[in-house]
Amino acid sequence: MIKKNLSKPMIYFKFPFSETLYSTDRQQDKESISFHSFDRLRQIGFQGNIIEASELFSQEIITHESLLKDESHFNAETKDEYLHTLQHVIHVIKDEQLPKLVYSRRKIFREFEEIDLKQSFNNLCTTYPNAFRYIFNDGENAWMGAFSEVLGKFSKATGEFETMSLAGTLPVSEDWSEKEIEEQKPVTSYIQNVLEDYSENIRVSETYDHISGNIKHLRTDFKAVIKPEDLDALITDLHPTPAVCGIPKDICKKNIRKFEKFPRELYAGFIRIDTEESILYFVNLRCARLYRDSVHAFVGGGITAQSNPEKEWIETELKSEAILKNLVTI
């Protein structure tokens, strides 16, 4: 695993349903926040205790010049390329009888001279008040994101572990179809089966609508009491969930490597936050990597045998707006 910690990285974040802005005090005694890549091979950590940071944010100089130039030489996947590849993905799903496979792409935005990072982050926070929102720059990697999916929340006092099944995507105004309902079912079953290995008392909610900006998802909540020493193993078993990978996990990961044009990097990985009361894990969706001369927005969708490639393209376009519509550029 590649693990990188710089002496003075910059990170700011807000928890879901809270407008309190947090950062770290940048001391070297502990690591409070870490970002883990989708493949678990890379980790970016932020040192220090978690502190309220509204005043620090207002005083800190966060300039466009602090970003690196984009030397990835990636070109965004065109619509025709996406639709063509998706036909192959659906063929594999049918041949191997997969309930679901998550296929993603990058939308690359280059039509700007400068990004106002502070105002862009403020816009993101305003647009998605029920999401985990963050911006960071460790000197070599700069990312921004806002997303609602919780991989896990563990209470240090009670041992209670909470997680959710979040899958299926539509514009808020549309009604659920069989495709979205069937897409969410294996995610729910997968999480319940994993939890049964760690707890005999699992509580499961009814499935309900989860609104996130201009789109909605189907959501089911889980609660279970686990042993503290089992937490790391449980997270390892849960990640990646069918919501970001597919099911069965190993077959889907193999096909993700085969079909996706770009590495996922931190997209669809997770963020671990260690507070005094809890250890929280958020799935890193609706995110973008920030460069001085480009923004790479990562978007994906759950593909099933019933998927319509044209509708899947539209879904990824809607998801890319989470970041791109909140950017302030000149």
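The values are calculated or read from the model by the stated rules, or taken from the named source; none is laboratory data. Worth saying up front: this structure is predicted, and the values here are computed from it rather than measured. Positions of Cβ are generated from backbone atoms using ideal geometry, with glycine treated the same way; all protein chains shown enter the neighbour counts. In case anyone asks, the SASA skips ligands and DNA or RNA and just uses the protein heavy atoms, side chains included. Shrake-Rupley method; radii C 1.70, N 1.55, O 1.52, S 1.80 Å.
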Report the trypsin sites (Lys or Arg not before Pro) located in the range 32-122 that are in a DSSP loop and have at most 14 other Cβ atoms inside 10 Å of their Cβ, or state none. Arg40, Lys69, Arg110
Compare the peptides 23-36, 203-216, 158-171 by average per-residue count of other Cβ atoms within 10 angstrom and give them in order, highest first. 158-171, 23-36, 203-216
Packing-wise, with mean Cβ within 10 Å as the measure, how do 54-62, 241-249, 127-135 rank, highest first? 241-249, 127-135, 54-62
In deg cm²/dmol, rounded to the nearest 500, the helical mean residue ellipticity at 222 nm of the chain, built from -39500 (n - 2.57) for every DSSP H run of length 4 or more, is -8500 deg cm²/dmol
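Place the peptides 192-201, 281-290 in order of packing, highest mean first, counting for every residue the other Cβ atoms within 10 Å and averaging per peptide. Intermediate values should be presented prior to the final figure.
Working: 192-201: 14.1, 281-290: 25.8.
Sorting 192-201, 281-290 by mean packing, highest first, produces 281-290, 192-201.
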If you roll a 1.4 Å probe over the heavy atoms of the protein chains, what accessible area per residue do you get for the chain, in Å²? 45 Å²
Keeping the other protein chains in place, figure out the carbon and sulfur percent of the accessible area of the chain, with a 1.4 Å probe. 48 percent
Quick check: pseudo-label points 7 Å beyond the Cα along Cα→Cβ at Glu81 and Asp175, how many nm apart are they? 3.9 nm
What span do the alpha-carbon atoms of the range 123-197 cover on each of the three principal axes, reported in whole Å from largest to smallest? 42, 40, 24
Dipole in debye (nearest 20) - the chain, about Cα centre, beta carbon charges: Lys, Arg +1; Asp, Glu -1: 580 debye
Alpha-carbon radius of gyration plus Dmax, which is the widest Cα pair, for the range 66-213 in Å: 19.5, 56
Which residue, Ile115, Trp143, Asn201, has the largest displacement toward the positive end of the dipole of the range 58-211 when charges sit on each Cβ (Lys, Arg +1; Asp, Glu -1)? Asn201
Working out 0.36 nm times the residue gap between Phe74 and His91, then minus their Cα-Cα distance, what length gain in nm do you get to one decimal? 3.5 nm
